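Visitor: Following this message is one structure expressed as C-alpha cells.
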Amino acid sequence: MSNSSSQVEIVRQSLRRRYRKERRFRMYGIAAIAVALLSLFILFADIIGKGYTGFLKTTVTLEVELDGDTMYLEDPTNPDEIAMADFTAPIIAALQTHFPEAEGSAANRELARLVGSYAASDIRDLLEANPDLLGTIQTMEFLAHDTVSVYVKHADNPRYTVRLSERQQQWVDELMEKGVIETGFNDILFSKGDSREPANAGILSAIVGSLLTMFVTLVISFPVGVAAAVYLEEFAPQNRLTDFIEVNINNLAAVPSIIFGLLGLAVFIGLFGMPRSVPVVGGLVLALMTVPTIIISSRAAIKSVPPSIREAAEGIGASRMQVVLHHVVPLAMPGMLTGSIIGMAQALGETAPLLLIGMVAFIVDVPDGLFDAATVLPVQIYLWASSAEQGFIELASAGIMVLLTFMISMNALAIWLRKRLERRW
Amino acid sequence: MQTANLFPLVLILAAVAYWLAFQRSRAVAAPLGGVRHLKALPTHYAARAALWSAIPGLIVLALWTGFEGKVIQGIVMGSLPQDMWPDSPGKASLLLSQISNVASGSLDPDLASEPIAKAAALLKTLREQSSLFMTILVILITVLGAAFAWFRVAPHINARNSVETTLRRIFFVCAALAVLITLGIVFSVILETVRFFGRVPITDFLFGTSWSPQTALRADQVGADGAFGVIPLFTGTLLISAIALLVAVPTGLLSAIYLSEYAGKKVRSTIKPLLELLAGIPTVVYGFFAALTVAPFIRDLAESIGLEASSQSALAAGLVMGIMIIPFVSSLSDDVINAVPQSLRDGSLALGATQSETMKKVIFPAALPGIMGGILLAASRAIGETMIVVMAAGLAANLTANPLDSVTTVTVQIATLLVGDQEFDSAKTLSAFALGMLLFIVTLALNVLALKIVRKYREQYE
Amino acid sequence: MNSINSTIPGDATMPEKAPLAVEDPVTEERRETVEIEEGKTVGIPFSDNPKFALRNVEVSYGDTRAIRNISLDIARNEVIAFIGPSGCGKSTFLRCLNRMNDSIDTCRVKGSLMLDGDDIYDPRRDVVELRARVGMVFQKPNPFPKSIYENVAYGPRIHGLANRKSDLDEIVESSLRKAGLWDEVKDRLDATATGMSGGQQQRLCIARAIAVSPEVILMDEPCSALDPIATAKVEELIAEMSESYTIVIVTHSMQQAARVSHRTAYFHLGHLVEVNETNKVFTAPEHELTESYITGRFG
C-alpha cells in the first residue's frame, strides 16, 4: 500500500500525454471519415457539374421558306426528286435573312454549320409527309450543330475547345440575343437511341436494353436463389456435398465480374451458339453473378425466422415442405426481397462482363425483344465516356445521373421494404 | 414459335393443368364424401399436374434452344461442297455469317456464289422447320404430362409425397447450380488456355517481361504472334491494387473504428449509409471519374511541380479504386471489431486504459486476423476490378513502379482483347482466356484464404 | 462462520430463480406486509474511516430506476459483500464505484459518491486515474487473447508504472504470486492466456487487476463461472488480499459472502435493506426481507 500513492502520482503524470494520444487517435478516425465523405461529395459534384448540361439541348428556330426553286424540288411526292433535292438551301436562306452581309460559298458553308446535320432531313421528312407545304413559310425548330451547342453551353469552360470561327461566334451571339438560338430541356435524351452526333443521341434504347436484361436476370436469379437458399437452410443434409456447395457459393460471390463475361462468351455464345449483344445472354450472365448474392441474403433471412414457428407448424402435423412453403418462406420474404433488390441494383450497374458478350454494339434503335441486339445503360455511359467527341462527355454524365437515380431508388426501396415489412422477433 | 413466346406458353399450359387437376380431384372426392377422403389435398394433385407438365416441357425447350444453333450449323456446313470446307474456325465463322446474312436477306442472294445461296436456302428452311418441330414437341410433351397427371388423380394416390420430393429435387438442383457455375468458369477458361499454351510456351507466358499481343499484322509474319509475357501486366495490376489498398485500408479501418467505438448512435446512422452509398456506385461511374477528372488533375498537378506524368496514370486509377473499396474495408472491419466480446473492452477499461489504448492494444490485436481476412478480400476485389482500369489506366504494358506512369492490368487486357471483332483462334484471342485463368486462380486463392481466416476468427469468439 | 454455513443452503441446492418470481405464497404474503422505506437502511451502513462515502445514490437507465436512494460507507481494507436476488441492483451499484456505467448511454447516476473525499462523478475527475485506483474483476474471466505475461503487464505498461523490463518482470511475478498463480504458470509465461482453465483465467484477471496496485478491487460475481475447486482457490485469494486492499464483492452465493466478507449488504429491488457484520446478517438478520432471503424463501 505504501507505494500506492506514488503510483497514483505516476498515473496522474502520464495522463496528459495519454489524453493527447487519445485525441489524436480520435482525429485520425474523423479524418478518415472526412476523406471518405469528401470523396463522395467530390464525385457527385463533379458528375453533376459535368452532366447537368446534358439535360439541355440547343435549338435554332427559323422561319423557313420551303421554296421549290431553291431546293430544286417540284414534286415532293416523287422519290427521285426528293433524293436529289437540296434541303439545306432554305435553312441557309433563312439564316441569311438575319445576316444579309454573309455571302459567298464559304459564308454559306459556315452558316449551314450552325444547325445540326439532321436539320435538312427534318425538312425532307416534313415535305414527304405534307407535300402541299411546298412553297409556304414554316417556323421550324432545328437542333443546333454540336459545335454551336458546345459554344453556347461551355464558352467559358477551359476544358472545352470552341470549334467555331470568329464570324460564327458573332452570329451565334447575335442569334442568342434575338432568341433564335435557345436552350431547353433535352427531350431527345429520353426519346432516342445512340447517335454519331451528341445532339441527337439519347439513352432510351440503353434504358430499354437495361430493363430487358434486368428482367431476364430477375426471372432467373430470384427463384433459383431463393430455392437454393431454402434447400441449404431447410433440407440439406450435413455432408461434404453440402459443404462443397457452400464453399462454391461463397467463392462465386467474390469472383471478379469479368470472369463471368468469359463464362458467357465461352459457354452461351461459343458452346450454345447464342447470338451476341442480346439481352437474353446479358441477363443470363448477370443472373449467374447475382445468384450467389441472393442465396446469401436469403439464407440470412431464413435463419432469422425463429425455430418456434417451425416447431409450431410441425407440431400440428405439417410436412417439412409445408412448413417451409407456408411459414418459413413467407416470413423470410421481406429479407429475401431486400437482398434481391440490392443484388439487382448491383447487376444494373455492371459493365465489364457485358463488354465481353458484345453488348458494346452501336445501338440506334430501341430493342424490341429479348433476342434483339441491345446495349445497357452502364455500357452506353462507357461508350460515351471513351468517345473523342466533347459533346458526349456531358451525355455520359447525364446518363450517370439517370443510372444513379435508378440505383439509389432501388436501394431506397429495399430499405423502405425492410423497415416496412421486416418483423422483429 | 420463338423460345421467348414458347416459355410463357408452357407456363400457361401448366397453370391450366393445375386448374384441371384441381377440379378433377374435387370431383373425385365428392362422391366419397369430401376432400378428406383423398390421400392428399386437391392442391397437391393440382401442383403435381403443373410440375409434370411444365418440367419436361421446359427441359425440352431449354435443350432444343441450346443446341439447335450448333446442329443446324453443322448440317448447313456439311451441305457445302467439300472444296469449300473451311480449314480454320476463323474462316468457318466468316463463311457462316456470310450464309446467314444471305438467308436473312441483308446480303443480296444474287451476289453470293451458288453453293452459298443454296446453303442459305437450306439454313432458312432448317430454321423454320426446327422452330416448328420445337413448338410441336414442347406443346405435345407439356400436354402429355398434364394428361398423365390428370388421369393419376385418384383417392388412393398420395400426390403430396411426389410433389414434395420433386420440389426438393428442384431446390437441390438450384443449390447445385453454384457448383455448375464454378465448373462452367473452369471449363470455359481451361480449354482455351490449353490451346494457348500449345502455341505460346507456358514459361514464356509466366516469366516473359514483354507484352504486345497486338503486333500480329500479317499471319505469315515471323513471330507474328507477338509477345505474351505476363510480368508487366502483373506488376501493373499489383501497382494499382497496392495504391488502392494504401488508400482504402487506413481510411476504411479508421472510419470503422471511429464509428463503432466513438461515434454516437445518430452520427453512426447517418454516416454509415453514406459510406455504403460509395459501395453502391457502379464501377463505370468511378471509371468516368478517374479518367476524366482525377487523371487530368494529377497530370496537371505533377506538371506544376515539374514531374512528368502520363495522362493515364496508375495513381489516378489506384486512388479512385481505393475510394471504391473504402466501404468494403470499413464494413468488414466493423463486423470484425464488433465481434470482439464486450468483456475484453470492459477488462481493459477497468484497468484504467483509455479508449484508444483499449482499441490499439486489446481490440485491434484480437481482431487482427479478421481484419487481415477483410484486407485479402479487398485485395482480391482490387485485382479483379475492370472498368476503372479499362477507362483510366492505359494499354501500354510498361514494366514500371512509377505511379505517375501509365500501366496496364490483367483485366484491361482481357477486356480489350475480347471486345469487338475477334480473330478466332489467334494466340491473341486465346491469351485473354489464359489471363482469365490466371485472374481466376489468383482471386480464388485470395478468397479461399480470406474466408478461411475470417471463419476461424469468428469461431474463436463463437 | 462454520456454524452459519450449516444454516444456509449450499450453492448447489440453490438454483437461481427468476427475479422475484411470484411462486411462494408465504413470500407473496410477506411482501405485501413488508414495506420498504426508501433511503432507510437497517444495521450499520456507516463507518468512521470510509474509503468510499456514498450518499443518496440514485441510478436510472432511461425511465427505469435501478438504484433508489442508497447511502453506504465502505471502510478501508474491509471486504464487503453485496447480496440480493437477481435484478436487485447490486451489480449496477458496484459498477458505479469505478464508473464502468459510463459506456451505457442511458445510464444516469445521482447523489454523492466520494472516494477518499473526492467526488467520483465530478466532471473534472479523470476516469483513467480512478480506474487505476479502483480495479475490477468480472463475472466471466476475460483474459486478453495474449500471453499470460502480456496480460499482467498490460496495466503497468499503459500507465507507465515500470521504467525497465526488469521492473515489469518484477511486477508481473509479484502479481502472479499474490494471485497464487506463479507456481502454476512460471514456466509458460509466453503461453496464450485463453488456453488456461477457467479458474486460472479468473485468477489471472485478478493478477492483472492487482498489477496496477489499485487501492480497491471490485469483484462482480467472480466465481459464478467457476467450478467449486477453482472457487475455493479464488476465495482463499480474496481472504489473503483483504490485508492490503479494500474489496467489494458482488455474489450470488451466500456461503461465499459468509466465508470471505467482513460486512454484508443486502439489496432488494434497488433498495439497500440491511448492512451488518457478516455473521450478524447470517445469524440474526434485523430486517424481515433479509431473513427470508437468507433462509431461502426467495432468491
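Visitor: Here are some conditions: (1) over 15 Å from the mean Cα position of the chain (by Cα); (2) under 15 Å from C:ALA179 (Cα atoms); (3) assigned to a loop (DSSP other than H, G, I, E, B). C:ASP190 meets all but one. Which one does it not meet?
Guide: (2)
Visitor: Restricting to region A:237-277, name every residue that is more than 7 Å from every other protein chain (Cβ to nearest Cβ), hydrophobic (A, V, I, L, M, F, W, C) and over 29 Å from B:VAL71 (Cα atoms).
Guide: Matches in region A:237-277: A:LEU241, A:VAL247, A:ALA253.
Visitor: Restricting attention to region B:137-147, and to residues there that are surrounded by 15 or more Cβ atoms within 10 Å (Cβ to Cβ) and not small (Gly, Ala, Ser), which single residue is nearest to the chain's Cα centre (by Cα)?
Guide: This residue is B:VAL138.
Visitor: Quick one: which strands (runs of 3 or more DSSP E) sit completely within region C:49-103 and have at least 1 residues that are farther than 25 Å from C:THR295 by Cβ and at pLDDT 90 or above?
Guide: C:50-61, C:64-75
Visitor: Can you tell me which residue is farthest from A:HIS154 (Cα to Cα) among those in region A:373-425 that are part of a loop (DSSP other than H, G, I, E, B) and among the acidic types (Asp, Glu)?
Guide: A:GLU422
Visitor: Among the candidates A:ILE363, A:ILE342, A:ILE357, single out the residue that is more than 12 Å from B:VAL284 (Cα to Cα) and buried (at least 24 other Cβ atoms within 10 Å of the Cβ).
Guide: It is A:ILE357.
Visitor: Go through (1) within 17 Å of the chain's Cα centre (by Cα); (2) of a type in the set (Gly, Ala, Ser); (3) within 11 Å of chain B (Cβ to nearest Cβ); (4) farther than 30 Å from A:TYR52 by Cβ one by one and return the number of the condition A:ALA347 breaks.
Guide: (4)
Visitor: With region B:252-338 as the region, which helices (runs of 4 or more DSSP H) entirely inside it contain at least 2 residues that are in contact with a helix residue (DSSP H, G or I) (Cβ under 8 Å, 6 or more places away or on another chain), more than 10 Å from chain A (Cβ to nearest Cβ) and touching a residue at least 40 places away in the same chain (Cβ under 8 Å)?
Guide: Those helices (runs of 4 or more DSSP H) span B:295-304.
Visitor: Would you pick out the residues in region B:117-136 that are over 15 Å from B:ASN5 (Cβ atoms) and hydrophobic (A, V, I, L, M, F, W, C)?
Guide: Passing the criteria: B:ALA117, B:ALA119, B:ALA120, B:ALA121, B:LEU122, B:LEU123, B:LEU126, B:PHE133.
Visitor: Regarding A:ASP368, is this residue surrounded by fewer than 23 Cβ atoms within 10 Å (Cβ to Cβ), among the acidic types (Asp, Glu) and either more than 19 Å from A:PHE268 (Cβ to Cβ) or facing another protein chain (nearest Cβ under 7 Å) (or both)?
Guide: The answer is yes for A:ASP368.
Visitor: Read through the list (1) over 30 Å from C:SER213 (Cα atoms); (2) at pLDDT 85 or above; (3) of a type in the set (A, V, I, L, M), then give the number of the only condition that A:LEU66 fails.
Guide: (2)
Visitor: Kindly list the number of the only condition in (1) closer than 18 Å to B:VAL407 by Cβ; (2) assigned to a loop (DSSP other than H, G, I, E, B) that fails for B:ALA353.
Guide: Tallying (1) closer than 18 Å to B:VAL407 by Cβ; (2) assigned to a loop (DSSP other than H, G, I, E, B), B:ALA353 fails exactly one: (1).
Visitor: Given the conditions (1) surrounded by fewer than 17 Cβ atoms within 10 Å (Cβ to Cβ); (2) more than 10 Å from chain B (Cβ to nearest Cβ); (3) out of contact with any helix residue (DSSP H, G or I) (no Cβ under 6 Å at 6 or more places or on another chain), and given that A:ILE309 satisfies all but one, which numbered condition is not satisfied?
Guide: Going through (1) surrounded by fewer than 17 Cβ atoms within 10 Å (Cβ to Cβ); (2) more than 10 Å from chain B (Cβ to nearest Cβ); (3) out of contact with any helix residue (DSSP H, G or I) (no Cβ under 6 Å at 6 or more places or on another chain) one by one, A:ILE309 breaks only (3).
Visitor: Here is a follow-up. Would you please name the residue that is surrounded by the fewest Cβ atoms within 10 Å (Cβ to Cβ), looking only at residues in region A:196-236 that are within 14 Å of chain B (Cβ to nearest Cβ) and among the acidic types (Asp, Glu)?
Guide: A:GLU234
Visitor: Further, regarding this structure: Being modelled with pLDDT under 90 and either among the hydrophobic types (A, V, I, L, M, F, W, C) or not in a helix (DSSP H, G or I) (or both) is the filter here, so list the residues in region A:294-317 that pass it.
Guide: A:SER304, A:VAL305, A:PRO306, A:ILE309, A:ALA312, A:ALA313, A:ILE316, A:GLY317
This table checks each residue for (1) assigned by TED's automatic domain parsing to the domain that holds A:GLY369; (2) in a helix (DSSP H, G or I); (3) not basic (Lys, Arg).
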residue: A:GLU174; (1), (2), (3): no, yes, yes
residue: A:GLU177; (1), (2), (3): no, yes, yes
residue: A:GLY184; (1), (2), (3): no, no, yes
residue: A:ARG196; (1), (2), (3): no, no, no
residue: A:VAL208; (1), (2), (3): yes, yes, yes
residue: A:LEU212; (1), (2), (3): yes, yes, yes
residue: A:THR217; (1), (2), (3): yes, yes, yes
residue: A:ILE220; (1), (2), (3): yes, yes, yes
residue: A:ALA228; (1), (2), (3): yes, yes, yes
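Visitor: If C:GLY195 meets every condition in (1) more than 24 Å from the chain's Cα centre (by Cα); (2) at pLDDT 90 or above apart from one, which number is that one?
Guide: The one condition C:GLY195 does not meet is (2).
Visitor: For the subset of region C:117-133 comprising residues that are in a helix (DSSP H, G or I), among the hydrophobic types (A, V, I, L, M, F, W, C) and in contact (Cβ under 8 Å) with a residue 24 or more places away in the chain, which member is farthest from C:SER213 (Cα to Cα)?
Guide: The selected residue is C:VAL127.
The values are calculated or read from the model by the stated rules, or taken from the named source; none is laboratory data. Fair warning: this is a prediction, and the values are worked out from it, not measured in the lab. Methodologically, a virtual Cβ is constructed for each residue, glycine included, from the backbone with ideal geometry; neighbour enumeration extends over all protein chains shown.
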